[in-house]
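A quick write-up on the structure given underneath.
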Amino acid sequence: MRMKKKKHGSERLNLLSQLTATDIESFFENKDEIFENKSPLRIEIGCGKGDFVVGKSVKESEYNYLAIEKIADVCTLAVENYAGSRGLGSLAPNGGWQKPNGEIYSLGETVPFEKSELGNVRFLVGDAKEILAKLPDNSVDAIYVNFCDPWSKKGHTKRRLTYIEFLKMYSRILTKDGKFYFKTDNRPLFDFSLEEVEKSPLKLEYHTFDLHASEMDKDNIRTEYERNFSEKGFKINMLIAKNNK
């Protein structure tokens, strides 16, 4: 189901623009300054409401993260979710953003934060294929794709984020021994993905057809979507593929 357009979505995103990147080239060129460290970069494609990257950024805080989301209104929710998790405030009752000290910034303004408050995640709105194509070789430590669109209609195979051409792109930008992580509740998509990995420069390292019953679940970040579908009886499939170049 398509999300209903958010009222003042772009203005809400602009309020927290210190947590967003405007384009991948300038972000990558300045990432060490943006994060104030040289930690390896990890990317989530299709971050949704941000549950995964928020949890991952805490659980594995020694990495920096770029969360990519194609739909601006969805990314707005992810940025607000992350800002709230960092203790940076919340949506103000009558619009705008309210800092923990009670100070309110109206729509049209940008909330000022100290760099030290911003943590290890930044967000970028855009098409993943176009964004990743601009990244240098061997520049990303890990790539995460969680519960992406299965593109089930005939003729849409090439749009799947586990299609061979995407996997080749992941291999190019991943560091030596960098990893690709994939989760889905859609078994046909997962079977397709396993076949595509076998044809790709990546090497399948691990897979399971029931993540929540596996040993990997102890480190798993469960998103709202994942919890909902698991409670409905859907098994969560997961694979990890290592760069093999």
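No lab work stands behind these numbers, since they all come straight from the coordinates. For clarity, every value in this text was computed on a predicted model and none was experimentally measured. Glycine gets a Cβ as well: all are built from the backbone with ideal geometry, and neighbour counts include every protein chain shown.
Distance between the pseudo-spin-label points of Asn138 and Glu224 (7 Å out from Cα toward the beta carbon): 4.1 nm.
Once the Cα-Cα distance is subtracted from the 0.36 nm per residue extended length, the Glu195 to Lys242 segment shows a gain of 15.4 nm. Remark: spin-label model distance Glu11-Glu231 equals 3.4 nm, labels positioned 7 Å along the Cα→Cβ axis. Packing here is the average count of other Cβ atoms within 10 Å per residue, and on that basis the peptides 185-196, 164-175, highest first, run 164-175, 185-196. Residue by residue, region 224-232 carries 3J(HN,Hα) couplings of 4, 4, 4, 4, 4, 6, 5, 5, 7 Hz when phi is fed to the Karplus relation 6.51 cos²θ - 1.76 cosθ + 1.60 (θ = phi - 60°); x denotes Gly or Pro.
For the chain, the residue among Asn64, Ser152, Pro201 whose Cα projects farthest onto the positive side of the dipole built from Cβ charges is Ser152. Length available on full extension from Lys154 to Lys115: 0.36 nm per residue minus the Cα-Cα distance, which gives 9.3 nm. Residues whose amide H comes within less than 5 Å of that of Tyr206, counting only those at least five positions distant or on another chain, are Ile240 (H built at 1.01 Å from N in the peptide plane). With 0.36 nm allotted per residue and the present C-alpha distance subtracted, the Arg187-Leu204 stretch has 4.4 nm of extension available.
The Ser61 and Asn94 beta-carbon pair, evaluated with R₀ = 35 Å, returns a calculated FRET efficiency of approximately 0.50. Annotation: the antiparallel percentage among DSSP beta bridges lying fully within the chain is about 40. For Lys183, the lysines whose Cα comes closer than 17 Å to its Cα, not counting residues fewer than 8 places off in the same chain, are Lys49, Lys56, Lys203, Lys218, Lys232, Lys235, Lys242.
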